[in-house]
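A short worksheet on the structure shown next.
The values are calculated or read from the model by the stated rules, or taken from the named source; none is laboratory data. Predicted, not measured: the structure shown is a model, and the values here were computed from it. Neighbour counts are summed over all protein chains in view; Cβ atoms, including those assigned to glycine, are modelled from backbone coordinates with ideal geometry. The accessibility values were calculated without ligands, DNA or RNA, using every heavy atom of the protein model including side chains. Shrake-Rupley method; radii C 1.70, N 1.55, O 1.52, S 1.80 Å.
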Amino acid sequence: MAAPRKGGILTIIVSGDPSHYDVTVGSLDIVATAGIMHAGLLRYDMQDNGKMVPDLAASWDVAADGRQYTFHLRKNAMWHDGKPVTTEDVKFTLEKRIKPDPGGLQDTSDFDAVKSIEIPDANTVKIFLSQPSYSFLPA
């Protein structure tokens, strides 16, 4: 088996050009294309696909009872226009994913346990769950 190498082209076949790149609203085509262009709080490790590693979050903590997640954002995260990604941006996006607009993604089950989201400071987002959820962190 050949060793993996960096670089190259990823080709994804979709049924048409997406009309937007908002991954919280739309179909699998949008998620498949926009999802590879947007950073999440975490992402899967490219070498160990079962392991979550930092992306927008520099680090994170999970309470012992599995009902509180604290994400500490990277200080250098930027939008495409050079503006910094803020904790308010993270909260807005999560809330939009939890309660999508009509016509948006219908499967919000990965976020069913989310009870509340708090921003204690400019670099921290705390997410409180009503019960532990195995699907929350990867989502």
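Data table
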quantity: Options 58, 34; residue that is at pLDDT 80 or above and either open to solvent by 40 Å² or more (accessible area, probe 1.4 Å) or out of contact with any helix residue (DSSP H, G or I) (no Cβ under 9 Å at 6 or more places or on another chain) (or both); calculated: 58
quantity: Any hit, the stretch 92-103, residues being touching a residue at least 24 places away in the same chain (Cβ under 8 Å), touching a strand residue (DSSP E or B) at 6+ places or on another chain (Cβ under 8 Å) and either assigned to a helix (DSSP H, G or I) or surrounded by 11 or more Cβ atoms within 10 Å (Cβ to Cβ) (or both); calculated: yes
quantity: Qualifying residue in the stretch 74-85 (condition: assigned to a strand (DSSP E or B) and among the β-branched types (Val, Ile, Thr)); calculated: no
quantity: Filtered residues of the stretch 122-139 (kept if in a loop (DSSP other than H, G, I, E, B), in contact (Cβ under 8 Å) with a residue 24 or more places away in the chain and under 22 Å from residue 45 (Cβ atoms)); calculated: 133, 135, 136, 137, 138, 139
quantity: So residue 66, is it open to solvent by less than 30 Å² (accessible area, probe 1.4 Å), at pLDDT below 80 and part of a loop (DSSP other than H, G, I, E, B); calculated: no
quantity: Qualifying residue in the stretch 104-121 (condition: among the aliphatic types (A, V, I, L, M), modelled with pLDDT of 95 or more, touching a helix residue (DSSP H, G or I) at 6+ places or on another chain (Cβ under 8 Å) and not in a loop (DSSP other than H, G, I, E, B)); calculated: yes
quantity: Condition met for residue 4 (modelled with pLDDT of 75 or more and surrounded by 10 or more Cβ atoms within 10 Å (Cβ to Cβ)); calculated: no
